[in-house]
Amino acid sequence: MKIGLLGGTGIEGKGIALRFAAAGAEVVVGSRSEERARAASEECNAALGRAQVRGLRNLEMLAWSDLVFLTVPSQHAMEAVKAHRNDIPSGKVLVDVTVPLRFDKGRPTYLEAEEGSNSESIARLLPATVPVVGAFKTIPAHLLAELESPLECDLFVCGDDPEAKEKVMRAGSMIPTLRPVDAGPLSSARTLERMTVLAIHLNRHYKKKGARYKIVGLD
Ligand SMILES: NC(=O)c1ccc[n+]([C@@H]2O[C@H](COP(=O)([O-])OP(=O)(O)OC[C@H]3O[C@@H](n4cnc5c(N)ncnc54)[C@H](OP(=O)(O)O)[C@@H]3O)[C@@H](O)[C@H]2O)c1
């Protein structure tokens, strides 16, 4: 499985890169800048203790990857996808992890778009040959980046293309203690994005950092 990250130089991108690389996947961190891509990959490799993550410009990463994780700030997601809509070869899957929210004095508010979730808006920008899957939205980035901490939670995966969703679930199952859960159609991203906002509220209220979800009754 070739995992690529569009805008993978932030905490979320590096966290996902680290978890997949630690599980044995080939990983490329993408960036608008070759230098930042290289620096992020070196950071990941230092944490892994081996050279397994490469850094490339976004354009080259897109040509190489099977699964492309969109890990740019939510407010720049549409712009980043528009910039690359013709660079993503048919058959690749775009995995949207973005969560549109705003912080006011530390309190998050969900930024609801008229047309639905970020994932649905992104899907409308892409050709049907590049399916969009929503995933990793409810998992805290800092926890992904702490390889020594087990995730012990569910990975909700939603999408309208069953094959693409299955690919992402299969990839997710490589990561120890993460349980992929089929969360239904892409419109479920509206719920998943709100669940992230709730998890942030819970963290604030209980003075924790790692609130996340595990559904009971599925086994
Ligand atoms: N923090 C969490 O716990 C968490 C949990 C779930 C989901 N998420 C989602 O994860 C995403 C990434 O979060 P983050 O904190 O890692 O973000 P970030 O550090 O602010 O940004 C990640 C990278 O995006 C690239 N980028 C910024 N503006 C861009 C633009 N206009 N066009 C293209 N690329 C751009 C930059 O890479 P280059 O400059 O190197 O190109 C940047 O390093 C967000 O959408 C967030 O909602 C976060």
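Read-outs: derived from the displayed coordinates by stated rules, not from any lab. Note that the structure is predicted; figures quoted are calculated from it, not measured. Ideal geometry is used to build each Cβ from the backbone, glycine not excepted, and the neighbour counts take in all protein chains shown.
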Here are some pairs, Lys82/Lys137; Lys82/Lys214; Lys92/Lys209; which of them have Cα atoms lying more than 29 Å apart in this structure?
Lys82/Lys214; Lys92/Lys209
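Give the whole-number value, in cubic angstrom per residue, of the convex hull volume spanned by the C-alpha atoms of the chain. Walk me through the intermediate numbers first.
On the way: hull volume 25.8 nm³, N = 219.
Taking the convex hull of the Cα positions in the chain, it is 118 Å³ per residue.
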For Glu35 and Ala113, what is the calculated FRET efficiency with R₀ set at 30 Å and r taken between the beta-carbons, to the nearest 0.05?
0.35
Under 20 Å Cα to Cα from Lys207, which aspartates and glutamates show up? Leave out anything in the same chain fewer than 8 places away.
Asp104, Glu146, Glu152
Could you give P(r) for region 1-98, binned at 10 Å from zero, as whole percent values over all Cα-Cα pairs?
19, 56, 23, 2
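Let me have the 222 nm mean residue ellipticity of the chain computed from DSSP H runs of 4+ only, each contributing -39500 (n - 2.57), with the sum over all residues rounded to the nearest 500. Write down the numbers at each step before the final one.
Working: 8 runs with 84 residues, N = 219.
It comes out at -11500 deg cm²/dmol, rounded to the nearest 500.
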Compute a Gaussian network model of the chain, connecting alpha carbons closer than 10 Å, and tell me which residue from Ala39, Ala25, Ala77 fluctuates the most.
Ala39
In the neighbourhood of Asp219 defined by beta carbon distances under 15 Å, the net charge of the other residues (Lys, Arg +1; Asp, Glu -1) is -1
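Once you have the Kirkwood Rh of region 106-154 from its Cα pairs, apply Stokes-Einstein at 20 °C and 1.002 mPa s and quote D in µm²/s. Let's see the in-between values first.
On the way: Rh = 13.6 Å.
Estimated via Stokes-Einstein, D reaches 157 µm²/s.
Please report the relative contact order for the chain, taking Cα pairs under 8 Å with a sequence separation of at least 6, and give it as a percent rounded to a whole number. Before the final figure, lay out the partial values.
Values: 464 pairs, mean separation 39.9, N = 219.
For the chain, the relative contact order is 18 percent.
Suppose a student asked you for the relative contact order of region 1-111, using Cα pairs under 8 Å spaced at least 6 residues apart; what percent would you report? Don't jump to the answer; show the numbers that get you there.
Values: 219 pairs, mean separation 29.4, N = 111.
Once normalised by length, the contact order is 26 percent.
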Integer Hz, Karplus 6.51/-1.76/1.60 couplings in order for region 90-106, x for Gly and Pro
4, x, 6, 10, 9, 9, 8, 10, 6, 10, x, 9, 10, 9, 10, 6, x
Please work out the Cα center distance from region 18-38 to region 198-219, rounded to the nearest Å.
28 Å
Quick note, region 111-219: a/c under 1.5 would make it rounded; otherwise a/b > b/c is prolate and the rest oblate (a ≥ b ≥ c, C-alpha gyration tensor); here it is oblate
Under-5 Å amide H pairs with Asp96, H placed in peptide plane, nonlocal only
Leu70, Val133, Gly134, Ala135
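Tally Lys and Arg at +1 and Asp and Glu at -1 over the other residues with C-beta under 10 Å from the C-beta of Val53: what net charge comes out? Walk me through the intermediate numbers first.
Working: positive: Lys14, Arg50, Arg54; negative: Glu26, Glu42, Glu43.
Once all neighbours under 10 Å are counted, the net charge is 0.
Given the convex hull of the Cα atoms of region 158-212, what is a quarter of its surface area in nm²? Working shown, then result.
On the way: hull surface 16.6 nm².
Average of the hull's projected areas for region 158-212 equals 4.2 nm².
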